[in-house]
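The values are calculated or read from the model by the stated rules, or taken from the named source; none is laboratory data. What you see is a predicted model; the values in this text were computed from it and never measured. Virtual Cβ from ideal backbone geometry, glycine too; neighbours counted across all protein chains shown.
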Amino acid sequence: MRRFSIMGLLLLAGLIFAAAAQSDDLLTARVVGVTSGDSISILEAENKLVKLRLHGIDCPEEGQPFGEKAKQFTTEQCFGKIIMYRLVGIDRFDRTIATVFLEDGRELNLEILKAGYAWYFQQYVDRQDYADTEAEARKAGMGLWGDKNPKAPWEWRQEKRKTPGPQS
């Protein structure tokens with residue numbers, strides 16, 4: 001019996017240590033701008049402005065159906081508020097890729113999926129909760145999933161690049 005108590009105590013200590021280690025990599029900032037449903041600007045310590053791209057999701061673009069609604073949803077969730085974020089990397093546009101947490105602890109990336117304003121970007125992240133949340137939003141017809149045939153942002157961007165500009 002004593003052996004199990006010691007093992008349980010060691011397991012509990014390990015879990016507490018792992019949770020503490022994970023929370024140590026969270027950074028705090030104030031959201032000062034929302035560029036799109038999946039891109040925000042934050043003000044870090046010492047007034048450093050940083051552009052964040054939300055990891056693992058892709059929202060409709062400006063000019064695309066639901067692009068403005070996605071931006072509005074993100075604005076309502078975080079603009080002017082203090083957030084915490086976990087750095088994932090830097091993208092080719094020099095934006096910080098991050099998972100963002102709201103003041104109440106909810107994950108912004110997941111909330112946008114839940115509201116139906118983003119696609120799970122499986123190419124860049126493997127998270128079953130993202131896949132499940134998108135599937136639930138689709139099934140419920142939430143946000144862009146109420147559209148009969150929503151176009152993924154990466155497809156929309158590709159088509160836009162192929163379309164010739166105005167002739168002079």
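Within segment 132-165, being under 17 Å from the mean Cα position of the chain (by Cα) and modelled with pLDDT under 95 holds for ALA152, PRO153, TRP154. Taking segment 34-87, which residues are basic (Lys, Arg) and surrounded by fewer than 17 Cβ atoms within 10 Å (Cβ to Cβ)? Scanning segment 34-87 gives LYS48, LYS51, LYS81, ARG86. State whether the residues of segment 93-114 include one that is farther than 24 Å from LEU43 by Cα, at pLDDT 95 or above and surrounded by 14 or more Cβ atoms within 10 Å (Cβ to Cβ). Yes; the residues of segment 93-114 include at least one that is farther than 24 Å from LEU43 by Cα, at pLDDT 95 or above and surrounded by 14 or more Cβ atoms within 10 Å (Cβ to Cβ). If you go through segment 42-75 and keep only what is without any contact (Cβ under 8 Å) to a residue 60 or more places away in the chain, farther than 15 Å from ALA29 by Cβ and among the acidic types (Asp, Glu), you end up with GLU62, GLU68. Taken together, the residues in segment 67-95 that are over 20 Å from TRP156 (Cα atoms) and touching a Ser or Thr at 6+ places or on another chain (Cβ under 9 Å) amount to 11.
Residue under question is LYS69, and the condition is that it be under 21 Å from TYR117 (Cα atoms) and either charged (D, E, K, R) or at pLDDT 90 or above (or both); does it hold? Taking the combined requirement at face value, the residue satisfies it. Within segment 122-152, if we keep just the residues that are touching a Leu at 6+ places or on another chain (Cβ under 7 Å) and not aliphatic (A, V, I, L, M), the residue that is nearest to ALA98 (Cα to Cα) turns out to be TYR130.
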